[in-house]
Amino acid sequence: MLRTVRLFQLTIKPRFAPVAFYASKKGAKQSKQVQEVDEPPFDMTPFITRMDKSLEAFKTSLEKIRVGRANPNILDPIMVELDNKRMPLSQVAQIHVKDANTLMVVVPDEKLTAVVERSMKTANLSLNPQKQDNLTLKVPIPKMTAEYKQSLVKQIHSNAEKSKIGIRNIRQDARKIIKKDKSKDVVKRNEDAVQKKTDDFIKKIDDLMAAKEKELSQ
């Protein structure tokens, strides 16, 4: 009598995942590490652009300070108070050059004449406006006396300090973003870079100020 022998097939599950699985998992881990390492560096460009604009504004203010001839820009620092608001003289009145030594200021309303005259006299520009009629003020440009030079130098220093404060405020804005980084080394490196740019712009302002003062002294 024949015996029937049954063969049982054993299915053995592998204890380890296929090599391809580990390769893909390892690749994903490496990719994640690369992403963490290759995060984009701090971009100073927007802050440098703002600092440059502040520098250009200071240059423009220096160009308005001209020596030896009448120029409407000389009156730019003058602010007129109207309805509890301070407004530039150029927005309140029309300014014309009469000759090399004289400016004419014309207001739209005779009620403004006294206000504008007072604002000009208290602007520390050594100006002595003279009323010509109800709407017109004659403004002789003072000669370059020591007192007048001193008032111009004071104006230059004031404009320079305002520009420096603006640049330092931009530096602070940059630092707020830099400090968000978790790495102390990265924070230190970026703060040093921003401080260097700040120092560069401050030096440019000092150099421009010194050059203008030299021009006034000649």
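Might you let me know whether segment 119-132 holds any residue that is surrounded by 19 or more Cβ atoms within 10 Å (Cβ to Cβ), β-branched (Val, Ile, Thr) and either within 26 Å of the chain's Cα centre (by Cα) or not assigned by TED's automatic domain parsing to the domain that holds Met209 (or both)? Looking through segment 119-132, none of the residues is surrounded by 19 or more Cβ atoms within 10 Å (Cβ to Cβ), β-branched (Val, Ile, Thr) and either within 26 Å of the chain's Cα centre (by Cα) or not assigned by TED's automatic domain parsing to the domain that holds Met209 (or both).
Looking at Ala146, Ala160, Ala100 in this structure, which one is under 24 Å from Lys59 (Cα atoms) and touching a Lys or Arg at 6+ places or on another chain (Cβ under 8 Å)?
Details: Ala146 fails: touching a Lys or Arg at 6+ places or on another chain (Cβ under 8 Å); Ala160 fails: touching a Lys or Arg at 6+ places or on another chain (Cβ under 8 Å).
The conditions single out Ala100.
Filtered by the rule that a residue be free of Cβ contacts under 8 Å to residues at least 40 places away in the same chain and farther than 29 Å from Ser217 by Cβ, segment 138-185 gives Asn169, Gln172, Arg175, Lys176, Lys179, Lys180, Lys182, Ser183, Lys184, Asp185.
The set of residues in segment 20-67 being among the small types (Gly, Ala, Ser) and either at pLDDT below 90 or exposed (fewer than 13 other Cβ atoms within 10 Å of the Cβ) (or both) consists of Ala20, Ala23, Ser24, Gly27, Ala28, Ser31, Ser61. Please go through segment 51-98 and pick out each residue that is outside the structural domain of Gln155 (by TED's automatic domain parsing), of a type in the set (S, T, N, Q) and within 25 Å of the chain's Cα centre (by Cα). Asn73, Ser90, Gln91, listed by residue number. If we scan segment 183-201, do we find a residue that is farther than 16 Å from Ser61 by Cα, of a type outside the set (Phe, Trp, Tyr) and not in a helix (DSSP H, G or I)? There is at least one residue in segment 183-201 that is farther than 16 Å from Ser61 by Cα, of a type outside the set (Phe, Trp, Tyr) and not in a helix (DSSP H, G or I). Looking across segment 96-112, just one residue is of a type in the set (A, V, I, L, M, F, W, C), within 14 Å of Arg69 (Cβ to Cβ) and not in a strand (DSSP E or B), and that is Ala100. The one condition from (1) over 27 Å from Met209 (Cβ atoms); (2) assigned to a loop (DSSP other than H, G, I, E, B) that Ser126 does not meet is (1). Only one entry of Arg86, Arg69 meets the criterion of being at negative phi and either outside any strand (DSSP E or B) or of a type in the set (Asp, Glu) (or both), and that entry is Arg69. In segment 73-97, the residues that are in contact (Cβ under 8 Å) with a residue 60 or more places away in the chain reach residues that are in a strand (DSSP E or B) with C-beta atoms within less than 8 angstrom, at least six apart or across chains, in these pairs: Ile74/Leu103; Leu75/Ile95; Leu75/Leu103; Leu75/Val105; Leu75/Val139.
The values are calculated or read from the model by the stated rules, or taken from the named source; none is laboratory data. Nothing here was measured: the structure is a model prediction, and the numbers come from that model. Don't worry about glycine lacking a Cβ; one is built from the backbone with ideal geometry, like all the others, and counts go over all protein chains shown.
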